[in-house]
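Enquirer: Okay, handing you the structure first.
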Amino acid sequence: MKTRGLSLKLMDSTPRLSVATAEGPVFAMLDPPGVVDAHGDTMDAGALRLPEGVNEVPLYWVHSYHVGVVPEASPEQRLPVGSATVWEEEGQWYFIPRFNLLTDLSQQVKAAVEAGGITACSIGYGTVRATPNGKGPDGKGEDVHEARLLEVSLVDVGAKAGAVRIKMADEPKKPEEKKPEPPAVDMADMYTMVKAIHAKLFPPESEAKPPESEDKATEPPATKDDKPQTETPQDENASENAAPPSTEDEDPVTKWLRDLAA
């Protein structure tokens with residue numbers, strides 16, 4: 001008895017998001033490669049990583065270590081205000097905030113984002129590979145070659161100039177490009193043109209040639225060899241017994257017209 005093996009394929013559950021189709025608000029997370037941020041850091045293209053299949057990270061307000069939020073908070077004590085759905089598109093990372101509304105802070109930040117009061121963001125990452133560049137206020141800046149994304153935070157002022165909101169929640173879709181309208185038609189010129197065409201196709205009766213009668217015999221054109229003939233009186237019996245004229249040397253056009261009239 002033959003048995004048939006079954007192969008199972010794990011379906012990719014990661015949502016296919018894009019800036020064009022994602023419902024806002026949408027935030028960009030990085031500066032272009034090589035651009036120095038407020039801390040003196042740069043990040044190479046493709047340096048930021050997430051484990052395969054992961055597209056959600058914790059979302060915070062000011063990384064939850066702001067003195068006005070959680071004084072002296074440690075990473076274990078921080079409480080997120082929601083989660084961030086993140087994705088990479090053409091070398092840039094983006095996210096959409098998802099607020100859990102479990103705390104007053106989560107509700108307040110959500111309201112501020114929807115009102116347009118919060119327009120910047122920041123990321124928290126663990127450096128895997130980097131090279132010191134001596135830049136920044138304290139000279140401890142790094143050129144980051146590889147990093148693991150840990151969290152996303154909404155902030156009042158971010159370290160990276162490019163980490164800002166790029167799409168509002170209720171932002172309308174971009175209007176479609178209008179095709180150029182055809183030039184306006186001068187109706188007077190159009191009328192003159194149509195009238196001229198009509199006159200050519202249907203000339204006035206005074207200019208039109210009268211139709212030839214079907215019963216009218218058409219005489220062949222005269223030629224140099226034609227000689228005037230005179231009628232000679234003949235008796236009726238002679239005309240009836242006379243042989244028909246020879247058509248061997250007759251002009252083809254004359255013969256056709258003769259046959260047509262017969």
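Readers should treat all values here as calculations from the given coordinates under stated rules, not as data from a laboratory. Computed from a prediction, not measured in an experiment: that's the story for all the values here. Reconstructed Cβ throughout: ideal geometry from the backbone, glycine too, with neighbour counts over all protein chains shown.
Enquirer: If you add up the charges near Asn133, with Lys and Arg at +1 and Asp and Glu at -1, over every other residue whose beta carbon is less than 14 angstrom from its beta carbon, what do you get? Walk me through the numbers on the way to the answer.
Expert: Numbers: positive: Arg129, Lys135, Lys140; negative: Asp37, Asp41, Asp44, Asp138, Glu142, Asp143.
With Lys, Arg at +1 and Asp, Glu at -1, the neighbours total -3.
Enquirer: Just list whichever of Lys140/Lys160; Lys110/Lys140; Lys110/Lys160; Lys135/Lys167 have alpha carbons separated by over 24 Å in the model shown. If you can, show how the numbers build up before the last one.
Expert: Details: Lys140/Lys160 16 Å; Lys110/Lys140 34 Å; Lys110/Lys160 22 Å; Lys135/Lys167 32 Å.
The pairs that break the limit, which is 24 Å between Cα atoms, are Lys110/Lys140; Lys135/Lys167.
Enquirer: Next up: Please give the peptides 46-56, 148-158 ranked by average Cβ packing (other Cβ atoms within 10 Å per residue), highest first, as a rough proxy for protection. Let's see the in-between values first.
Expert: Details: 46-56: 13.5, 148-158: 18.5.
Output ranking for 46-56, 148-158: 148-158, 46-56.
Enquirer: If the chain between Lys195 and Arg129 were fully stretched, how many nm would it gain, using 0.36 nm times the residue separation less the Cα-Cα distance?
Expert: Values: separation 66, 0.36 × 66 = 23.76 nm, distance 8.19 nm.
The span from Lys195 to Arg129 would gain 15.6 nm if fully extended.
Enquirer: Within 14 Å, Cβ to Cβ, of Met43, how many net charges do the neighbouring residues add up to if Lys/Arg are +1 and Asp/Glu are -1?
Expert: On the way: positive: Arg49, Arg129, Lys135, Arg148, Lys160; negative: Asp31, Asp37, Asp41, Asp44, Glu88, Glu142, Asp143, Glu146.
Computed value for this residue: -3.
Enquirer: Report the FRET efficiency, 1/(1 + (r/R0)^6), for Ala115 and Ala188, where r is their Cβ-Cβ distance and R0 is 51 Å, rounded to 0.05.
Expert: Numbers: r = 58 Å, r/R0 = 1.13.
The value I calculate is 0.35.
Enquirer: Would any residue of the stretch 110-128 have its amide N under 18 Å from a label point 7 Å out along Cα→Cβ of Val164? List them or say none.
Expert: Within reach of a label on Val164, which here means backbone N under 18 Å from a point 7 Å along Cα→Cβ, the stretch 110-128 contributes 113-123.
Enquirer: Which whole-number percent gives the relative contact order of the stretch 36-175, counting Cα pairs below 8 Å spaced six or more residues apart? Intermediate values should be presented prior to the final figure.
Expert: Values: 256 pairs, mean separation 46.3, N = 140.
This gives 33 percent for the stretch 36-175.
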